[in-house]
Amino acid sequence: MSYNKKADGSLEQLKQKNVDTGMGYERTLAVLSGKSSSYETGLFQPIINELEIISHKKYETDKATKRNMRIIADHLRAAVFLLGEQNGIVPSNVDRGYILRRLIRKAIRLGRLIGIGGCFTTTIAQIIITNYKAHYPELHQNSSRILSELEKEEHKFNDTLENGLKEFELMANKAKLANKKNINAKDAFLLFQSYGFPLEMTEELASEKNLIVDSIGFKKEFSQHQELSRSGSEQKFKGGLADSSIETTKLHTATHLLNEALRKVLKFETHQRGSNITPERLRFDFNFDRKLTPEELKAVENEVNRVIQLSLSVKREEMPLTKALSAGAQGEFGAKYPEKVTVYSVGDYSKEICGGPHVQNSKELGKFKIIKEESSAAGIRRIKAVVE
């Protein structure tokens with residue numbers, strides 16, 4: 001770097017010239033410490049030392065063991081930092097949660113390969129939290145959540161990992177007997193849907209056996225599965241509403257308040273993953289990867305009732321989709337919206353893309369009560385509630 005570009009576009013010579021090596025902190029530390037890689041520095045050695053103990057293998061045993069230990073250390077460190085964020089990403093099958101799940105599950109599988117028999121991710125996570133908490137205090141502050149989510153994910157994956165690996169072996173043998181070089185899309189999707197294998201994991205397993213995966217076909221299978229699920233729901237309940245009765249309309253508005261209350265109480269960016277509203281009750285699905293505590297459910301219920309008592313007016317507006325999204329309007333995850341949409345706002349509390357109908361004022365809802373909270377699918381929770 002030789003020049004400084006000024007506001008008028010002219011260049012002036014820098015007093016101190018330098019070369020941007022792109023080394024970053026870890027590579028610089030390795031060089032200054034006289035190490036051959038960042039994995040030999042104090043950033044990773046405590047993790048690798050623990051992996052040696054619990055696997056009963058030495059880091060230098062062979063190239064495969066060294067590589068696997070490095071990946072485990074790197075992936076679990078990344079997972080701890082993602083889980084430690086204030087907004088709390090959790091493992092799921094979509095968006096950032098999917099990346100997190102891939103990191104954790106690959107580390108677990110490689111742990112098996114180097115001989116680790118039981119659960120180990122929380123042990124490694126505690127070392128990472130201790131090493132970094134001085135500079136990243138949020139890791140210590142959110143340590144309970146980090147360890148809890150890792151433990152849940154590891155138990156969940158361990159329940160299906162052995163059976164999934166056996167199923168993959170059958171698929172690979174079938175492909176070889178048929179002189180084929182690939183794992184077909186339906187088989188790859190089966191591993192994903194039934195055994196929780198991310199596509200990338202199936203691709204890695206296939207590569208180890210000199211096979212390839214029909215990833216394009218897998219993505220088509222995945223999209224088709226989503227469309228069938230969505231269209232089935234739409235055919236049964238248009239817009240999630242069984243009818244347009246007064247009771248259903250009240251519950252529809254209550255659903256909007258519930259959606260926002262969940263974000264505020266859980267301090268997590270939840271998104272609607274489906275709803276069904278009848279005159280008797282509302283059913284609302286949202287992304288969250290654990291059961292809500294009784295205290296959290298009561299806090300959500302109280303938050304909705306607090307807003308109801310504010311007597312907020314409900315406003316309906318039509319606007320371009322881009323304007324609605326930029327204004328902060330929420331929508332159902334994965335839904336396809338037209339270029340022009342209807343947006344309903346309950347005071348300044350909630351704003352959602354929605355076809356209606358809704359009440360005119362929040363006070364019309366009466367009293368909101370949660371009657372059940374349960375799992376709907378992996379990473380998806382379901383709340384059923386009524387208004388009285």
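Miscellaneous remarks
- When Arg70, Arg112 are checked against the criterion of being free of Cβ contacts under 8 Å to residues at least 60 places away in the same chain and in contact with a Ser or Thr (Cβ under 9 Å, 6 or more places away or on another chain), a single residue qualifies: Arg70.
Residues are listed down the side, and each one gets a yes or a no for (1) more than 23 Å from Arg283 (Cβ to Cβ); (2) aromatic (Phe, Trp, Tyr); (3) in a helix (DSSP H, G or I):
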residue	(1), (2), (3)
Glu301	no, no, yes
Val304	no, no, yes
Val307	no, no, yes
Val314	no, no, no
Leu325	yes, no, yes
His358	no, no, no
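- Residues satisfying the stated conditions in region 265-289, i.e. under 19 Å from Lys367 (Cα atoms) and free of Cβ contacts under 8 Å to residues at least 40 places away in the same chain: Val265, Thr278, Pro279
- Only one of the numbered conditions (1) more than 29 Å from Lys152 (Cα to Cα); (2) free of Cβ contacts under 8 Å to residues at least 12 places away in the same chain is violated by Glu295, and that is (1).
- Enumeration of residues in region 161-187 that are surrounded by 15 or more Cβ atoms within 10 Å (Cβ to Cβ) and not in a helix (DSSP H, G or I): Asn182, Ile183, Asn184
- Taking each residue of region 170-193 that is farther than 15 Å from Lys220 by Cβ and looking for partners that are outside any helix (DSSP H, G or I) and of a type in the set (Phe, Trp, Tyr) with beta-carbon atoms closer than 8 Å, six or more apart or interchain, yields Leu191/Phe197.
- Breaking point among (1) more than 23 Å from Glu151 (Cβ to Cβ); (2) assigned by TED's automatic domain parsing to the domain that holds Gly115; (3) outside any loop (DSSP other than H, G, I, E, B), for Asn68: (1)
The values are calculated or read from the model by the stated rules, or taken from the named source; none is laboratory data. Please read all numbers here as calculations on a predicted model, not as lab measurements. Glycine also receives a Cβ, built like all others from the backbone with ideal geometry; neighbour counts cover every protein chain displayed.
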